1. In the range B:24-78, which residues are over 21 Å from B:Q136 (Cα atoms), among the hydrophobic types (A, V, I, L, M, F, W, C) and over 11 Å from the mean Cα position of the chain (by Cα)?
2. Here is a check on your reading of the model: is B:A86 within 16 Å of the chain's Cα centre (by Cα), within 30 Å of B:N165 (Cβ to Cβ) and of a type outside the set (V, I, T)?
3. Quick check on the range A:154-174. Is at least one of its residues within 14 Å of A:M36 (Cβ to Cβ), within 14 Å of chain B (Cβ to nearest Cβ) and in contact (Cβ under 8 Å) with a residue 12 or more places away in the chain?
4. Which one is most open to solvent (accessible area, probe 1.4 Å) among residues in the range B:72-97 that are free of Cβ contacts under 8 Å to residues at least 12 places away in the same chain and away from chain A (no Cβ under 12 Å)?
5. Assess whether A:N17 counts as being in a loop (DSSP other than H, G, I, E, B) and under 22 Å from A:P178 (Cβ atoms).
6. Is the range A:39-61 home to any residue that is part of a helix (DSSP H, G or I), under 19 Å from A:I146 (Cα atoms) and of a type in the set (S, T, Y)?
7. Can you tell me how many residues in the range B:14-42 are outside any loop (DSSP other than H, G, I, E, B) and buried (at least 18 other Cβ atoms within 10 Å of the Cβ)?
8. Does the range A:71-90 contain at least one residue that is open to solvent by less than 10 Å² (accessible area, probe 1.4 Å) and acidic (D, E)?
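The values are calculated or read from the model by the stated rules, or taken from the named source; none is laboratory data. Because the structure is a prediction, the values reported are computed rather than measured. Neighbour counts are summed over all protein chains in view; Cβ atoms, including those assigned to glycine, are modelled from backbone coordinates with ideal geometry. Surface areas here come from the heavy atoms of the whole protein model, side chains and all, with no ligands, DNA or RNA. Shrake-Rupley method; radii C 1.70, N 1.55, O 1.52, S 1.80 Å.
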Amino acid sequence: MTERIRQVISRNIWKENQVLRQILGICSALAVTNLMTNSLVMGVGLTFVTAFSSLTISLLRNLIPHRIRMIVQTLIIASYVIFVDIFIKANMPEISKSLGPYVALIITNCIIMGRAEAYAQKNPPIPSMLDGFFAGVGYTIVLLIIAFFREFLGFGTIFGYDISFASFELWTIMVMPPAAFFLIGTLIWITSNIFAPKNTKKSETGRKG
Amino acid sequence: MFGNGINPFVIFFASILTSNMILSNFLGMCSYISISSEYKTASGLGKSVTLVMVITNMINYLVYKFLIVPLGLEYLRYIIFIMVIAATVQVMELAMDRFLPDLHVKLGIFLPLITVNCAILGTTLFIIIRDYDFLQSVLFGLGSGLGWWLAISALAAIREKMAKNKLPKGLAGPGITFIITGIMALAFIGFSGIFTIT
């Protein structure tokens with residue numbers, strides 16, 4: 001069991017990272033990453049929704065008729081998103097304002113539907129929940145990496161704290177949309193370079209062996 | 001004169017150029033990245049998104065103003081919106097199949113995909129947050145759809161041209177698509193200042 005959990009963790013966070021390897025959930029990954037605090041809140045919200053909707057869908061997997069499963073899944077996801085939205089609105093009104101519609105757009109985030117379709121439908125509840133949880137963690141990590149560069153270079157702050165010892169000209173472009181595209185493109189480039197040579201090497205050594 | 005003092009036509013042009021759904025609001029990225037390798041398909045998807053966006057935003061606006069607000073169901077609005085979108089797409093598909101079979105052959109395959117396109121739900125939420133009136137909502141939906149269509153067609157055209165180019169290892173596919181989109185977004189920043197909506 002421990003081995004399986006470790007596999008689930010490494011698969012979701014690294015090998016099949018939802019954002020960088022599967023290219024899912026890009027909309028919010030790009031939109032909220034100009035500030036690290038926003039990205040963290042968004043990531044935690046998405047992790048919560050993915051974990052619990054995977055759990056619920058897995059619990060109900062034998063009850064939902066196959067033909068209407070998409071709409072049922074969407075409704076389950078939407079209910080959890082309403083939880084998150086109300087919670088953020090009540091406790092962090094400023095962050096809720098700057099996140100705008102993107103919290104509600106977790107409903108149409110492909111990661112959750114993807115996990116539900118690919119994993120939660122065929123697996124027992126607890127592994128499904130873990131799978132959803134670590135998919136969310138992988139998403140959060142990518143968001144924080146992008147947000148770190150955008151906030152540090154664009155505003156000169158990290159999590160809103162001023163980094164006064166590093167004084168440099170601020171990169172206005174980092175605050176604007178194009179930087180998000182460039183950064184995620186570069187990250188995808190780096191990760192696919194890390195994975196591509198390894199795979200060919202493995203197959204080569206496999207042939208030699 | 002208008003709901004919140006913004007001329008609806010300013011909203012229309014701004015939603016195409018300065019606050020483009022893809023290039024400045026990052027909505028509808030999933031299908032934008034995955035269905036943009038062929039110009040014809042991309043353009044077809046763009047047309048159906050525009051159509052669905054106008055119709056669903058109209059319905060969602062009316063549902064919000066005359067059903068959700070009077071009944072005090074604001075906390076259920078996301079569920080209601082997503083149901084309206086799913087139902088509208090379903091009805092549109094049936095109606096198209098019955099009355100416009102040619103169009104259904106061309107656009108029908110995209111319709112089920114559009115239900116989960118975040119640009120559709122996104123425009124509805126922007127309308128609610130920014131408190132638009134009916135005409136503003138319709139023109140905002142139309143403009144956002146056209147802007148989405150413009151962006152995906154431009155990207156698909158560029159990708160078709162560079163399909164055979166040699167790229168650094170690992171950059172082919174999504175990596176270069178994002179970088180092209182970044183350059184497109186950079187170009188669209190040139191429009192900023194002509195129209196502004198927030």
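1. Within the range B:24-78, B:C30, B:I33, B:I35, B:A42, B:L71, B:L73, B:L76 qualify.
2. Working: within 16 Å of the chain's Cα centre (by Cα): yes; within 30 Å of B:N165 (Cβ to Cβ): no; of a type outside the set (V, I, T): yes.
Answer is no for this residue.
3. Step one: list which residues in the range A:154-174 are within 14 Å of A:M36 (Cβ to Cβ), which gives A:154-163, A:174.
From what's left, within 14 Å of chain B (Cβ to nearest Cβ): A:174.
Still in the list and also in contact (Cβ under 8 Å) with a residue 12 or more places away in the chain: A:174.
Yes, the range A:154-174 has at least one match.
4. The qualifying residue most open to solvent (accessible area, probe 1.4 Å) is B:L94.
5. Values: in a loop (DSSP other than H, G, I, E, B): yes; under 22 Å from A:P178 (Cβ atoms): no.
Considered against the rule, which asks whether it is in a loop (DSSP other than H, G, I, E, B) and under 22 Å from A:P178 (Cβ atoms), A:N17 comes out as no.
6. Pass one, the range A:39-61, residues part of a helix (DSSP H, G or I): A:39-59.
Narrowing further to those that are under 19 Å from A:I146 (Cα atoms): A:39-47.
Okay, now just the ones that are also of a type in the set (S, T, Y), so A:39, A:47.
For the range A:39-61, residues part of a helix (DSSP H, G or I), under 19 Å from A:I146 (Cα atoms) and of a type in the set (S, T, Y): present.
7. Taking the range B:14-42 as the starting set, the residues that turn out to be outside any loop (DSSP other than H, G, I, E, B) are B:14-16, B:29-34, B:39-42.
The next check asks that each one be buried (at least 18 other Cβ atoms within 10 Å of the Cβ); those that pass are B:14-16, B:29-33, B:39, B:42.
Qualifying residue count, the range B:14-42: 10.
8. no
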